[in-house]
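Below is one structure, written out as structure tokens; comments come after it.
The values are calculated or read from the model by the stated rules, or taken from the named source; none is laboratory data. Since the model is a prediction, treat every value here as computed from it, not as a measurement. Here Cβ is always computed from backbone atoms with ideal geometry, including for glycine, and neighbour counts include all displayed protein chains.
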Amino acid sequence: MSDQAPKQYTLDDWHCSMRALGYQRMQDVQFECPKCKTRQSANDFIEHKIGSSIQDVQSILSFTCIGRFTANMGCDFSLGESDGGHEVEVLLPSGDVQPCFKPVAPDA
């Protein structure tokens, strides 16, 4: 996990950064757990029946490792129980700052 200050995005810039990585659909975006480096997407959460749509999993997708919900991959890490260490924050329209896992380029 990083000791540097997190990079901060507005919500619009956050979405643009994912498109710049090559993603066309939000459910395909892969986020990397800062602890175990597992890559996870909304599709993974849906496949493991953690939710049935991106709307069901969007609040945990880039905040909690999928391993918290399944023994098949990942670890039990969540930014909600962490004291920093995340690399990215999103400034929400409400003014709240949401720590997030880093989005990573699609697998080659």
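Return the residue satisfying two criteria in turn: it lies in segment 19-52 and is farther than 21 Å from Phe77 by Cβ and surrounded by 15 or more Cβ atoms within 10 Å (Cβ to Cβ), and of such residues it is nearest to the chain's Cα centre (by Cα).
We begin by selecting, within segment 19-52, every residue farther than 21 Å from Phe77 by Cβ; these are 19-28, 52.
In the following step, the residues that additionally are surrounded by 15 or more Cβ atoms within 10 Å (Cβ to Cβ) were identified as 23, 27.
Working: Tyr23: 14, Gln27: 11 Å.
Per the stated criteria, the residue is Gln27.
Please determine, by comparing only the residues of segment 2-12 that are exposed (fewer than 12 other Cβ atoms within 10 Å of the Cβ) and of a type outside the set (Gly, Ala, Ser), which one is nearest to Gly85 (Cα to Cα). By that ranking, first place goes to Asp3.
Just so you know, in segment 53-79 the residues that are touching a strand residue (DSSP E or B) at 6+ places or on another chain (Cβ under 7 Å) and not in a loop (DSSP other than H, G, I, E, B) include one that is surrounded by the most Cβ atoms within 10 Å (Cβ to Cβ), and it is Ile66. Checking the stated criteria, Ile60 turns out to be under 21 Å from Met18 (Cβ atoms), at pLDDT below 95 and of a type in the set (A, V, I, L, M). Among the residues making up segment 80-108, a single one is part of a loop (DSSP other than H, G, I, E, B), over 10 Å from the mean Cα position of the chain (by Cα) and buried (at least 18 other Cβ atoms within 10 Å of the Cβ): His86. Residues in segment 31-59 that are polar (S, T, N, Q) and touching a Gly at 6+ places or on another chain (Cβ under 8 Å) were compared, and the one that is nearest to Pro103 (Cα to Cα) is Gln40.
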